[in-house]
1. Just grab the label-to-label distance for residue 34 and residue 62, each label 7 Å out from Cα along the Cβ direction, in nm (one decimal).
2. Provide the packing ranking of 14-21, 27-34, i.e. peptides ordered by the mean count of other C-beta atoms within 10 Å per residue, highest first.
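A short reminder: the numbers here are calculations on the coordinates, not readings from a lab. Small disclaimer: the values here were computed from a predicted structure and weren't measured. Methodologically, a virtual Cβ is constructed for each residue, glycine included, from the backbone with ideal geometry; neighbour enumeration extends over all protein chains shown.
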């Protein structure tokens, strides 16, 4: 990695944290990996609760067929 450039993963993570947590750049760079992990864990758990189970997916597919 070039010493003057961030890796693509760091840039993507900064963007994710801006969207998910509303962090500004200075907040992202001041955060520890544990801070990032805590925010993302809460976000993923909340998203998993809203996910569809097989029955709900089958009902949606029946109601809104592809063709």
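1. For residue 34 paired with residue 62, the spin-label model returns 5.0 nm.
2. Numbers: 14-21: 14.9, 27-34: 11.2.
Final packing ranking: 14-21, 27-34.
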